[in-house]
Structure formats: C-alpha cells, structure tokens
Amino acid sequence: MKKILVILSLVLGFGSIGAQNMVYLEHCETLSFDQKRLPDAQLLKGNVRFRHEDALMYCDSAYFYEKTNSLNAFGHVRFVQGDTLEGIGEVLYYNGNTKVARLHHHVVLTHISTVLRTDSLHYNRHRNLAYYFTGGTITDGDNLLSSLWGSYNVSTKTAEFRDTVHLQNKSFRLDADTLVYNTATHTANLVSPTTIVYEDETTILSSDGWYNTSTERSMLLSRSQIIHQNGKQLTGDTIFYDRRTGIGNVFGHMEMSDTVQKITLLGNYGIMREKEKSGFATDSAYVLDWSQTNKSYIHADTIFTEEVPDQDTTYRQVRAFFHVRGYSDDYQFVCDSMVYNGRDSIITMYHEPVCWSKENQISSDTIFIYLNDSTIDYIYGVGSAFGIKQEGAEEYDQLSGKELKAFIRNGVLHEVQVSGNAETVFYPRNDDSTYVGVNKSQSSYVNMFFENNKIHHVLFTTATTGTLYPLDQIAPADTRLIGFFWATQERPTSPQNIFEKPSRTVRPTQKALSATEEEEEVVEEKPQKKRNRKI
C-alpha cells in the first residue's frame, strides 16, 4: 500500500510539473480541424490568445499543436511577457518545451525604454535572450545602434552587436566590428577596433575599454588615441577621458603631440587639458621637437606645456623642473629648471646650467639659448659666465666674465663675446699646430673669432693686460681661471642618455664679477707665434 502511494505521489508530482509547462489556449472565435492537411493541429481563428506561464501570445489565427506543446501564430502577432517586455510581428513560432519564440516580418521588441527592430528575431525565455541574424537596430533614447547580428539580454539589459556595428548619437557616431552595450547605463564596452567621431572636432580610436554615451566619459586601453582636428593628438596605454571637460588622464607611455607645431610631450603619466590647451607629464617625461631634420629632446622630472595667448596669436611655452637634460645633434645642456618660449624661440635655463656645442662648454648663473628653426643662433650667459674648449689632454681655452655671448653659424662656433671683468686663457699655435704658449689676459671686454673650429683672432680693449707664457714656465694650476670646471661627464650623449642622472660637477666658488663702467677703445690681437710677448 505504501509503494502505491509513493508511485501515485510521483505521478501527481510529474503531472503538476507538466501542467505548469503547458501552453494554454485561452480564447478564439472559431476552432476547427483538418485531419488530412494538418492532422495534429487545432485551427484557430479570431482574437486568438495563448498563455504560457507569465507570457501571453495574441494573433489573428494559429495552428495549435497540443501534443508537442507548440503553436504557429499568424497576423498581428503580439507576444507579452510580464509588464516590461512586448514583441510584435506577423508570424510567431513558439515551443513551450524549449521556451523559444521565433518572430518574423516587421518585428519590434520593446523592453522598458529599449526598442529592438528586425525582420527575424529569436527569443529564448530560459535565458531571457533575444537575438537577430539578418540585420537589426536597437534604440534606447539618444542612441541608435545597428548591426548585421545582435543579441539583447532582458535580465542584464546588455546588447551585443557583431558585423558592421554602427552607433548614431546626436553628438557623435561610433563604428566597430563588435560592441557590447548596456541600455541601462548607456555604456559601450569596446571589444574590437572602434572609431568614435565628433564631427569637425574629435576622433577616438580604441580597441579596448568603455565609453559612456550619456556622460561622454571613457576608459580607453591598449594604446588608444584621441585625435583633434586642430592637430592635437593623445596616445596612451590607459586613458581616462572626459570629453565634456576636455581632460584626459594618461597612464603608461603617454604621447601628447601637436602635429602642426611638430612637438610631442611624452611620459609614463600625464594630463591633457584641452580647454586650457595645456599638458603635463612626469615619470620619464620628455619633450620631442621634430619640426626640423635634427630632432631635439628635453627630459625633466616634470614637464608642463601650454599655449599662451599673445594679442591675436598664441605661442607654445614649455616649462621643465628638476634634473633637466637636453639633447640635439647641435647642442646639449643640463640644468635644474628651464623655460622654452615659442614666441621668441628662447630656451632659458636656471640653477647651475651648462650648455655644450661641439667641443665647447658654456656655463653661467642663467643661460639663454636663442633658436632659429630649432638650431642655435647664439647662446647668452649672464652672471659668472664661463666658456671652455678643450685643446689637448690638459689644455683648455677659457673665457670668463659677467656676460658671455656665443654665436653659432651652421652649427659651428663662430664668435664669442665676453664683457664685465673678462679674463681669457688660450693656447695659440704655430703653423705646424704646435703650441706657442699660454696666453692669459684681463680686460673689460673680449671678442674672440673662430675659423675651422680654431681661434682666428681676438679683439681686446685698450686697457687689456696680459702675458704669453711658455708652456714650461707656468704651473698647471695657473692655466685655470677662477671658477673653472669641466663637466663632460654630465653631458647628454644621445636621446636615450637624457634619462641618466650623473652626479653634478662641483662648482668652485667664483670671485665676484662686476662690469667695468668705462668705455674703452677696442684693439685687435692675432694669435701669437712668439714667446714671452706681453700684450
């Protein structure tokens, strides 16, 4: 008796489960059979309505297959699930066992504020997943998305699009091969090469990340790019970009370029501010100027670039702070901080600056480099100015004074002017290139001219005092002017070398320098070939 009760309870249990899964015909105006043509079907017409669990199906006519728990519905088909999902079309094939509905011809599926349109749609009620494969669109207010294949998850409100994906917004358009989009957050997940275009303004290129179409904020990964019509470009491993504020935070291998002025700011972290037309970089930061054949590189711990308004125009300004090192084929320099002013093409270096051009070293309290098309026109040192050129293993031509100007012609030192307690040490040579001796002088002003990278002649004031010493009659220490230092180990030797941090050379304490107030006659002195001649 107990076995019979158990078996009966199991049968009743299975029966209740089967009843829950049954498709029910709730209403029709006529019902008929055609055993020859459709032996297993009930032919229904007029305001037909079916129910399956929480879903209702409406149509003009239908074939109902009660044995297979399925139906074919025709004419003004409407599929309703709960109070948030509705699908309409002309034909519906529905299987109650698999819970798959197939809608055809002019299909519209509406879920809350999301509307999907296609000509053929499959909807799996087990997975709450609708998908099309012959082309379709999804709209969610401001956005219209289209693709050849697409799916929409009713539970997560997430749509996936493949093959010729296009998103149209009143402000921009998006094109991709594959896209994942959430209709609740209006966020597009970028999973393939994607282009976002704001007409006549901005283009975003990315293959990984996300873009919120409502807030226009994004996280762009995998070397994404932001390109502006004015020539500004931003590239980085990771970019957090707010298009409305115009601020981009970049992490990893940032490149902020101006393709018009041909200058790029690089670093492992940086910030772009479009409205202020400024940029910031740190962590291996450097500026690359590629406007000329000879590129120039400037590295510092922190670098700022900005466009400064000046009447009817603007000019570029670069500010670099701490451990500044610069390299180009024509010149190199180190200092603690510097400013580049694009209006006058001047580089100003502060705090123990040193500049090199070929074999020449120039140092001063402050150094100004005047550029012409990214090549040096002249170098101007103010305060404790010192110019040095190595002639031999221990022989150095030297000039020191309050101010120094070094003029460069075709990348070669042409002329040096020193004023204010000017002192010189130089080694004149004979025709066979042997040294004549060591010439030491003091003057208020010295003008030295060069040819073939050698001293050609020197101009002094009439009040100049000086002596030409034989090499064997002067102590090595006396061949160095007060304040002499040779900092060749600090000199950048390549673009890669700008990131090195060699120890700074200790600067000796220099004597106070003051410019003479007297105007004196200038006389010319040729390099000497005779010994022991005083000038």
Of the candidates S433, S419, the one satisfying the condition of being in contact (Cβ under 8 Å) with a residue 24 or more places away in the chain and either open to solvent by 40 Å² or more (accessible area, probe 1.4 Å) or more than 18 Å from Q390 (Cα to Cα) (or both) is S419
Restricting segment 243-275 to residues that are among the hydroxyl-bearing types (S, T, Y) and under 14 Å from R316 (Cα atoms), the one surrounded by the fewest Cβ atoms within 10 Å (Cβ to Cβ) turns out to be T259
Checked pairs for segment 239-259, first among the polar types (S, T, N, Q), second surrounded by fewer than 16 Cβ atoms within 10 Å (Cβ to Cβ) and in a loop (DSSP other than H, G, I, E, B), C-beta under 9 Å and 6 or more apart or across chains, list as T245/K275; S257/G231; T259/G231
Are any of the residues in segment 288-303 hydrophobic (A, V, I, L, M, F, W, C), open to solvent by 30 Å² or more (accessible area, probe 1.4 Å) and in a loop (DSSP other than H, G, I, E, B)? yes
Being assigned to a strand (DSSP E or B) and in contact (Cβ under 8 Å) with a residue 40 or more places away in the chain narrows Y315, Y378, Y340 down to just Y340
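Condition check ((1) touching a residue at least 60 places away in the same chain (Cβ under 8 Å); (2) of a type in the set (D, E); (3) open to solvent by less than 70 Å² (accessible area, probe 1.4 Å); (4) within 24 Å of G75 (Cβ to Cβ)) across all residues:
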position	(1), (2), (3), (4)
L109	no, no, yes, yes
T114	yes, no, yes, no
T118	no, no, yes, yes
T139	no, no, yes, no
N143	yes, no, yes, no
S151	no, no, yes, no
E160	no, yes, yes, no
Checking F426, F449, F386 in turn, the sole residue that is open to solvent by less than 50 Å² (accessible area, probe 1.4 Å), farther than 18 Å from G483 by Cα, aromatic (F, W, Y) and modelled with pLDDT of 85 or more turns out to be F449
Selection from segment 405-415 of residues of a type outside the set (K, R) and open to solvent by 10 Å² or more (accessible area, probe 1.4 Å) yields F407, I408, N410, G411, V412, L413, H414, E415
Only one of S257, S222, S218 is more than 13 Å from the chain's Cα centre (by Cα) and part of a strand (DSSP E or B), namely S218
Flagged in segment 184-210 as open to solvent by less than 40 Å² (accessible area, probe 1.4 Å), in a strand (DSSP E or B) and more than 22 Å from G279 (Cβ to Cβ), in numbering order, are T187, A188, L190, T194, V197
Within segment 381-411, the residues that are over 44 Å from the mean Cα position of the chain (by Cα) and either in a loop (DSSP other than H, G, I, E, B) or without any contact (Cβ under 8 Å) to a residue 24 or more places away in the chain (or both) are E391, G392, A393, E394, E395
Filtering strands (runs of 3 or more DSSP E) wholly in segment 58-147 for at least 1 residues that are under 25 Å from L179 (Cβ atoms) gives 85-95, 100-111, 114-124, 129-132, 136-139, 144-147
Scanning segment 32-70 residue by residue, the ones that are closer than 14 Å to K99 by Cα, surrounded by 13 or more Cβ atoms within 10 Å (Cβ to Cβ) and of a type outside the set (S, T, N, Q) total 7
Taking segment 148-177 and keeping only residues that are more than 30 Å from the chain's Cα centre (by Cα) and not in a strand (DSSP E or B), one is left with L148, V154, S155, T156, K157
Q261 fails exactly one of (1) polar (S, T, N, Q); (2) at pLDDT below 95; (3) over 14 Å from T305 (Cβ atoms), namely (3)
D365: passes all of (1) among the charged types (D, E, K, R); (2) in contact with a Gly (Cβ under 9 Å, 6 or more places away or on another chain); (3) crowded, with 18+ Cβ neighbours inside 10 Å but (3)
Within segment 460-473, residues being over 18 Å from R429 (Cβ atoms), out of contact with any Phe, Trp or Tyr (no Cβ under 6 Å at 6 or more places or on another chain) and modelled with pLDDT under 80 number 4
Discussion item. Against the condition open to solvent by 10 Å² or more (accessible area, probe 1.4 Å), touching a Phe, Trp or Tyr at 6+ places or on another chain (Cβ under 7 Å), over 21 Å from C355 (Cβ atoms) and among the charged types (D, E, K, R), how does E395 come out, does it pass?
Written reply: yes
The residue that is most open to solvent (accessible area, probe 1.4 Å), considering only those in segment 469-500 that are among the hydroxyl-bearing types (S, T, Y) and in a loop (DSSP other than H, G, I, E, B), is T493
ask   = Does D140 meet the test of being touching a strand residue (DSSP E or B) at 6+ places or on another chain (Cβ under 6 Å), at pLDDT below 95 and closer than 30 Å to N169 by Cβ?
value = yes
Picked from segment 343-354 (must be modelled with pLDDT under 95 and part of a strand (DSSP E or B)), the residue surrounded by the fewest Cβ atoms within 10 Å (Cβ to Cβ) is I346
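Condition check ((1) buried (at least 17 other Cβ atoms within 10 Å of the Cβ); (2) at pLDDT 95 or above) across all residues:
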{"position": "V6", "(1), (2)": "no, no"}
{"position": "N21", "(1), (2)": "no, no"}
{"position": "T30", "(1), (2)": "no, yes"}
{"position": "L85", "(1), (2)": "yes, yes"}
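The values are calculated or read from the model by the stated rules, or taken from the named source; none is laboratory data. Please read all numbers here as calculations on a predicted model, not as lab measurements. Methodologically, a virtual Cβ is constructed for each residue, glycine included, from the backbone with ideal geometry; neighbour enumeration extends over all protein chains shown. Each accessible area value is taken on the protein alone, full model and side chains, heavy atoms only, with ligands, DNA and RNA left out. Shrake-Rupley method; radii C 1.70, N 1.55, O 1.52, S 1.80 Å.
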